[in-house]
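Peer 1: Quick one: the structure is below, questions incoming.
The values are calculated or read from the model by the stated rules, or taken from the named source; none is laboratory data. None of the values given here were measured: they were computed from a predicted structure. Reconstructed Cβ throughout: ideal geometry from the backbone, glycine too, with neighbour counts over all protein chains shown.
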């Protein structure tokens with residue numbers, strides 16, 4: 001279960017064998033069964049999670065009961081309520097498992113110690129966070145700039161093979177489209 | 001001009017006197033006069049900028065000629081077309097000076113060398129980028145979750161004293177409100 005995250009980290013930084021072992025030793029294995037929640041609004045989130053296996057969705061539920069999907073996470077992605085995790089404030093999001101999931105969690109305080117002990121992780125998380133930040137800005141611009149079809153194709157590129165794992169309405173919600181509009185686009189592309 | 005950025009950096013990381021001098025030596029001083037552009041769509045952006053003095057706005061201009069304001073930057077903020085800067089792709093944004101500005105730029109390649117020479121900057125930019133990422137996620141959630149008045153008050157907190165420096169329509173655009181709605185909110189709050 002831990003070899004995947006090691007390859008994921010070693011793509012970006014170099015670590016000695018001892019450093020690799022130390023890193024692996026601080027990870028918490030976690031399983032979440034389909035339809036159960038990793039995070040709920042009000043939680044103070046103490047971990048961020050790397051997805052070893054499975055698929056999760058992070059969404060905000062508004063006062064009228066409408067879901068607004070912010071993020072999906074599949075294998076090799078990170079997920080958390082990042083505002084809660086970084087600022088230690090109550091979570092606003094639900095994070096729900098769409099499939100049975102195997103995750104590896106890093107605790108916030110343990111991560112701070114890791115930065116002191118193995119400063120290469122500053123680089124690792126700087127690069128991962130920069131990518132997440134740039135992707136989020138791109139996504140905001142996409143909704144202003146691109147057609148629904150272009151945004152769907154971009155989604156398929158960003159989340160390869162995920163389409164089969166999600167319901168049509170989940171992808172539509174993420175893209176800010178009506179489910180019937182997305183169905184029409186998908187038919188046109190077949 | 002450079003003492004401000006030094007305090008800004010030393011709030012987060014420790015540097016020896018030599019490291020401080022090395023950092024200051026790589027910064028490029030830049031002035032941009034009111035109403036001129038720091039970045040235009042199509043540019044490959046090679047620098048990110050720290051604002052010493054002045055106020056800038058980053059916006060996307062859609063096909064119909066509508067502006068969509070993504071970010072303001074005032075003293076002590078960083079600004080760039082981050083997608084272009086990090087991925088070296090053509091910029092999509094205009095970045096325009098709303099006032100005469102004094103900026104300090106860091107070149108992307110020079111920054112990569114800085115990370116090798118003074119790894120504390122990995123930490124500095126990890127923390128800055130994490131804050132920017134979390135703010136952007138909060139801003140997306142705010143539009144789903146909060147009333148126009150709450151979002152205006154949040155804006156005043158995030159950008160203290162900026163109201164007097166911006167036109168009503170600029171703040172309204174950033175908040176996704178009609179200018180007349182914002183005027184009404186501001187009157188109510190007086």
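Peer 1: List the number of the failed condition for residue B:93; all other conditions in (1) closer than 27 Å to residue A:78 by Cα; (2) within 17 Å of the chain's Cα centre (by Cα) hold.
Peer 2: (1)
Peer 1: Identify, please: which residue in the stretch A:108-119 is surrounded by 14 or more Cβ atoms within 10 Å (Cβ to Cβ) and within 13 Å of another protein chain (Cβ to nearest Cβ) and is, among those, nearest to residue A:176 (Cα to Cα)?
Peer 2: It comes out as A:108.
Peer 1: Is it the case that the stretch A:86-93 has a residue that's at positive phi and either crowded, with 18+ Cβ neighbours inside 10 Å or in contact with a strand residue (DSSP E or B) (Cβ under 8 Å, 6 or more places away or on another chain) (or both)?
Peer 2: Within the stretch A:86-93, one or more residues are at positive phi and either crowded, with 18+ Cβ neighbours inside 10 Å or in contact with a strand residue (DSSP E or B) (Cβ under 8 Å, 6 or more places away or on another chain) (or both).
Peer 1: Might you check whether a residue that is more than 11 Å from every other protein chain (Cβ to nearest Cβ), surrounded by 14 or more Cβ atoms within 10 Å (Cβ to Cβ) and in contact with a helix residue (DSSP H, G or I) (Cβ under 6 Å, 6 or more places away or on another chain) occurs anywhere in the stretch B:120-138?
Peer 2: Scanning the stretch B:120-138 turns up no residue that is more than 11 Å from every other protein chain (Cβ to nearest Cβ), surrounded by 14 or more Cβ atoms within 10 Å (Cβ to Cβ) and in contact with a helix residue (DSSP H, G or I) (Cβ under 6 Å, 6 or more places away or on another chain).
Peer 1: Which is touching a strand residue (DSSP E or B) at 6+ places or on another chain (Cβ under 6 Å) and either away from chain B (no Cβ under 12 Å) or exposed (fewer than 15 other Cβ atoms within 10 Å of the Cβ) (or both), of A:64, A:104?
Peer 2: Criteria check complete, one pass: A:104.
Yes or no, residue by residue, for (1) exposed (fewer than 14 other Cβ atoms within 10 Å of the Cβ); (2) modelled with pLDDT under 95; (3) in contact with a strand residue (DSSP E or B) (Cβ under 7 Å, 6 or more places away or on another chain); (4) more than 21 Å from residue B:107 (Cα to Cα):
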| residue | (1), (2), (3), (4) |
| --- | --- |
| B:17 | yes, no, no, yes |
| B:21 | yes, no, no, no |
| B:28 | yes, no, yes, no |
| B:38 | no, no, yes, no |
| B:45 | no, no, yes, no |
| B:51 | no, no, yes, no |
| B:54 | no, no, yes, no |
| B:68 | no, yes, yes, yes |
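Peer 1: Yes or no: residue A:104 over 22 Å from residue B:132 (Cβ atoms) and either modelled with pLDDT of 95 or more or in contact with a helix residue (DSSP H, G or I) (Cβ under 8 Å, 6 or more places away or on another chain) (or both)?
Peer 2: yes
Peer 1: Right, something else. Could you please find all residues in the stretch B:29-61 being outside any loop (DSSP other than H, G, I, E, B), within 14 Å of chain A (Cβ to nearest Cβ) and closer than 23 Å to residue B:2 by Cβ?
Peer 2: B:39, B:48
Peer 1: Inspect all residues belonging to the stretch B:141-160 and state whether any of them is within 12 Å of another protein chain (Cβ to nearest Cβ) and closer than 18 Å to residue A:130 by Cα.
Peer 2: Scanning the stretch B:141-160 turns up no residue that is within 12 Å of another protein chain (Cβ to nearest Cβ) and closer than 18 Å to residue A:130 by Cα.
Peer 1: Separate question: So, residue A:85, is that one more than 11 Å from chain B (Cβ to nearest Cβ) and either assigned to a helix (DSSP H, G or I) or closer than 25 Å to residue A:168 by Cβ (or both) or not?
Peer 2: Criteria not met by residue A:85.
Peer 1: Filtering the stretch B:4-15 down to residues that are part of a helix (DSSP H, G or I) and in contact with a helix residue (DSSP H, G or I) (Cβ under 9 Å, 6 or more places away or on another chain), which residue is surrounded by the fewest Cβ atoms within 10 Å (Cβ to Cβ)?
Peer 2: So the residue we want is B:10.
Peer 1: Could you figure out which of (1) without any contact (Cβ under 8 Å) to a residue 40 or more places away in the chain; (2) surrounded by 14 or more Cβ atoms within 10 Å (Cβ to Cβ); (3) assigned to a loop (DSSP other than H, G, I, E, B) isn't true of residue A:182?
Peer 2: Among (1) without any contact (Cβ under 8 Å) to a residue 40 or more places away in the chain; (2) surrounded by 14 or more Cβ atoms within 10 Å (Cβ to Cβ); (3) assigned to a loop (DSSP other than H, G, I, E, B), residue A:182 violates only (3).
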